[in-house]
1. Using a Förster radius of 41 Å, what is the FRET efficiency between A:Arg229 and B:Thr5 based on their Cβ-Cβ separation? Nearest 0.05, please.
2. How much accessible area per residue does the protein assembly as shown have, counting only protein heavy atoms and a probe of 1.4 Å, in square angstrom?
3. Put a dot 7 Å past each Cα toward the Cβ at A:Thr70 and B:Thr13; how far apart are the dots in nm?
4. Which Rg and Dmax, in Å, describe the Cα atoms of segment B:8-185?
5. Towards the positive end of the charge dipole of segment A:14-245, with charges on Cβ (+1 Lys, Arg; -1 Asp, Glu), say which of A:Val193, A:Val55, A:Val176 has the farthest Cα.
6. Evaluate the distance, in nm, between pseudo-label points positioned 7 Å from the Cα of A:Thr78 and of A:Leu113 along their respective Cα→Cβ axes.
7. List the residues, sorted by chain then number, that are 5 or more residues from A:Val38 or on another chain and whose placed amide H is less than 5 Å from its amide H.
8. Output needed: percent of Cα pairs per 10 Å distance bin for the protein assembly as shown, bins running from 0 to the one holding the longest distance.
Amino acid sequence: MAPKVDLSTSTRERCVTGIQGLDNALDGGIPRGNTILVTGSCGTGKTTLSLEFLVHGALDGETCLFISVTEASSKLLTNIIPYDFFEESLIKKGKLIFVDMPVVYERLGLNKLEFSLEEVDVLVRAVADIVKEMDVKRLVIDSITSVCYRLRTQEKIRDFILKIGATLSSLGCTSVLVSEISPAEERYSLFGVEEAIADGIIFMGNLERRGDLLRTLQVVKMRGTQHSRTKYVLDLTSAGVLLVPLLKGGSVAGG
Amino acid sequence: MSVTTNVAEKLLTLPESSAVALQIRAEHYFDVIRGILDNFAVKKELDSIYITSTIPSQSIVNALQVLEIDMSNIYFVDCISQIMMSMASKHEHTIYVESPTMLENLMLKVEYLIKRTEGKNDIIILDSINSLAIHNNTKILSEFLHLLVNNLRAKKAYTVIFSMEEYRSEDISNMLNIVVDETIVAAGE
Ligand SMILES: Nc1ncnc2c1ncn2[C@@H]1O[C@H](COP(=O)(O)OP(=O)(O)OP(=O)(O)O)[C@@H](O)[C@H]1O
Ligand SMILES: [Mg+2]
């Protein structure tokens, strides 16, 4: 066979999300070790997408960790779409792990409403320890916005995301930080610093087109790979997240 | 030869992953459907995905039942019932799309059904280009057809697009000519 001509511009190893449409948009997957933001207003599918990313990783033999901040993970599990490809055994075998952030706070004695810089360090170290100990390759924190509320200042948020990003990356862990914004938001994160520091941003939203509401997804940035910047329409199905490009139809205003 | 057999025979001469426009006169509508779903798809052992934007899927299901056609390998994507508010009974093989203007969702449902019916090759029937043209402008519809047909080709599926004789227009012919490999006129001989 003739040698394959490789026209890709990046040689960084990929963390294949397993969501076909997204992997295509990302030219193969998220560059391994990246810390990315999955951002959008409520109900746009952030949790569903992030969870599917972990399930595929676990099916592939990687240890995957979901840190739930807003919702008790037990409740979360009862709400997820019954995927055709989900295997209960992933949880039993410890390939798919759920941790509730409030439990972590409690163990660390972080019970104040606002964390100090030292406490940020304690938190980062605690997460890093779990990742190291269990050799976690994929991590989701849902949501980072809730953690940021405890940090309050831009300075501490920057410190937290920079440190956690660097630590996870050095451990070879690819991480998704879920970020919540209000629909009218002009930016991709509530505090503004998250989006500047993250290695990538996947933006999920709703688009109204002549009375129809479509779920959309767009890769806004992704360090270490070329990627599509097209807006996609998505569907959350038992076969996972499916994507098709948004039709433009020559239309302009209102999509 | 009846319309039913004629359509099936013509389809049988096509290679897989073909996309065809099928010109139909209203009076032959159910003969054509039968020729595709009962003769052709059964012979080729295909799963059929029937997209309807013309009449509610339930009407087609009823007709197929009268004709005693086995429906175990037939699925529907129905994008007309919701806007016609005729969702009285839901067939287990039917997925609904809110409106025929949600072309992306239509594609997503087809993709989903193809995923769910893995193992067999598929035939996708689009009924019809004319009814979609009522709800969508030419530009977006052309873009949709182009994307749909190419996606389906890559999946080795057959695509059959209904075009009703009575509503022929130049716009529609042009749109179809760009994406299909062949145009078949459904008629008896
Ligand atoms: N079992 C299910 N079957 C089909 N669709 C579901 C199912 N569970 C959730 N959904 C869809 O997913 C949407 C919510 O997705 P998800 O929870 O991932 O969003 P989110 O962006 O994380 O929301 P939030 O900001 O509230 O956390 C729901 O609005 C619903 O339409
Ligand atoms: Mg959520």
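The values are calculated or read from the model by the stated rules, or taken from the named source; none is laboratory data. The structure displayed is predicted, hence computed values, not measured ones. Virtual Cβ from ideal backbone geometry, glycine too; neighbours counted across all protein chains shown. With ligands, DNA and RNA removed, areas are computed over all heavy atoms of the protein, side chains included. Shrake-Rupley method; radii C 1.70, N 1.55, O 1.52, S 1.80 Å.
1. That gives a FRET efficiency of 0.20.
2. Working: 19680 Å² over 444 residues.
Dividing the accessible area of the protein assembly as shown by its residue count gives 44 Å².
3. Distance between the two pseudo-spin positions: 5.9 nm.
4. 14.7, 40
5. Positive-end residue among those listed: A:Val193.
6. Between A:Thr78 and A:Leu113, the simple spin-label model gives 3.0 nm.
7. Residues meeting the criterion, in which the H sits 1.01 Å from N, are A:Leu177, A:Val178, A:Ser179, A:Ile202.
8. Per 10 Å bin, starting at 0, the Cα pair percentages come out as 4, 19, 26, 21, 15, 10, 4, 1, 0.
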